[in-house]
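One structure is given here, and the rest of the page talks about it.
The values are calculated or read from the model by the stated rules, or taken from the named source; none is laboratory data. What you see is a predicted model, and the numbers here were worked out from it, not measured in a lab. When we count neighbours, we look across all protein chains shown, and the Cβ atoms used for this are built from the backbone with ideal geometry, even at glycine.
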């Protein structure tokens, strides 16, 4: 078994990937050949089963080629976004004990300074083994539970944590989507590739599922609403998957007409809650009905999907075939129809745990194989789920997980900060946004006057140390933080 075999059976001359930035297309035959060259080069470097390889890049064809090359030798891929601040990249690379770091495209140039691990540009890697023919390296046959991905989801204790997803996890989720009553993808479809490969929705649902079906994926490595609408129209895109923030930007940007979306047959929103306003605006502006789904990194990621069902507006649909979903109360008992409960998921798509973090794994994965998501939902009499909230401290910004403790630890490093607590608050576009509640230090031997610590000081400090989605959008200065009798910050009070 190997997930990279999803590209092996498609016609050689069918277009697999089109890159908007370069204008170049890559057929399935060319993708197989280029992945084989990377596979052979990695083997020449001694990379193989048991190794972890970091891939740094944007949403480009080079990352795809590198990804399938890494899988082909049986190594575990660790995709990181090239636009993540170098300090965070360095921390994540160290956390996975990477055997090799591949700088996949021009966007990864700054990553040279991010790590002391062995790093090579993709072109240099393949050039270093010119005598090795791509055809001379076979695809590694691995067991189903062999790690294919380590996807970062941040960490509850402030340190990043990587969810380990196996080849079976990824392939099972593709099969579950295939078994959905509605045909999600058809041969001949053209899928928009705008989501980052460092996010599981972008990697497995957008990219690997598209290549599994054998359709063409059009890659866009930078987001601009007007440009994106033009790409959809020019390439006759049939499927668009994106978070609510993407759909809001398209619907609220002047000058984008419904004509641009004439070819779109399937419009999907995922990764964050979709507001009724955004759904209505997309329908009015473009004549599109936004379908919804629900998932999470630890489930590879898809759990439910409303496509082709009679799920009411606001519902994320029924559970996909081949997995189990329960809603339970605080005692672990199943709730009644219409009552809110925590979403539990079980199936072959559920991950095995977090890399080198048994405590975090035990906190979400019980002995019976149920993944405790921390998300709250209700289910109606027809089995359609609606997400209503969350009882974890986790903040979700445009589908990306933000753990308050990591942001808090970063802000505490700023001179003049005595204490800080981070919370999320609703946002009409991104679902939630990050808010930092800061207590200024008094009488500290700081180089700056603590009383002069400003909101911009905190925001600037975060921008150079955290990924953009983790950075606070607002700082509230408070005299003290509310705490419980045991000294724990009461975030709900904030």
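Does at least one position in region 56-68 carry a residue that is surrounded by fewer than 21 Cβ atoms within 10 Å (Cβ to Cβ) and modelled with pLDDT under 95? No; the residues of region 56-68 include none that is surrounded by fewer than 21 Cβ atoms within 10 Å (Cβ to Cβ) and modelled with pLDDT under 95.
This table checks each residue for (1) assigned by TED's automatic domain parsing to the domain that holds residue 413; (2) crowded, with 24+ Cβ neighbours inside 10 Å; (3) in contact with a strand residue (DSSP E or B) (Cβ under 6 Å, 6 or more places away or on another chain).
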| position | (1), (2), (3) |
| --- | --- |
| 149 | no, yes, yes |
| 152 | no, yes, yes |
| 168 | no, no, no |
| 175 | no, no, no |
| 193 | no, yes, yes |
| 199 | no, yes, no |
| 207 | no, no, no |
| 213 | no, no, no |
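Give all pairs with beta carbons closer than 8 Å in which a residue from region 271-284 that is on the phi > 0 side of the Ramachandran plot meets a residue that is assigned to a helix (DSSP H, G or I) and modelled with pLDDT of 90 or more; count only pairs at least 6 apart in sequence or on separate chains. Cβ pairs passing all conditions: 271/201. Only a single criterion out of (1) in contact (Cβ under 8 Å) with a residue 24 or more places away in the chain; (2) within 26 Å of residue 491 (Cα to Cα); (3) not in a loop (DSSP other than H, G, I, E, B) is not satisfied by residue 359, namely (1).
Among the residues making up region 220-256, those that are more than 23 Å from residue 182 (Cβ to Cβ) and not in a helix (DSSP H, G or I) are 220, 221, 222, 223, 224, 235, 252, 253, 254, 255, 256.
Annotation: of all residues in region 310-346 being at positive phi and part of a loop (DSSP other than H, G, I, E, B), the one that is modelled with the highest pLDDT is 322.
Checked against (1) buried (at least 16 other Cβ atoms within 10 Å of the Cβ); (2) in contact with a helix residue (DSSP H, G or I) (Cβ under 7 Å, 6 or more places away or on another chain); (3) modelled with pLDDT under 90, residue 421 passes all but condition (3). Considering only residues in region 451-471 that are touching a strand residue (DSSP E or B) at 6+ places or on another chain (Cβ under 6 Å) and buried (at least 17 other Cβ atoms within 10 Å of the Cβ), the one that is modelled with the lowest pLDDT turns out to be 453. Among the residues making up region 257-290, those that are in a strand (DSSP E or B) and at pLDDT 95 or above are 266, 267, 268, 290. Selection within region 385-395: residues that are touching a strand residue (DSSP E or B) at 6+ places or on another chain (Cβ under 7 Å) and at pLDDT below 85. The member of this set that is nearest to residue 201 (Cα to Cα) is 394. All of (1) at pLDDT below 95; (2) surrounded by fewer than 24 Cβ atoms within 10 Å (Cβ to Cβ); (3) touching a strand residue (DSSP E or B) at 6+ places or on another chain (Cβ under 8 Å) hold for residue 27 with one exception: (1).
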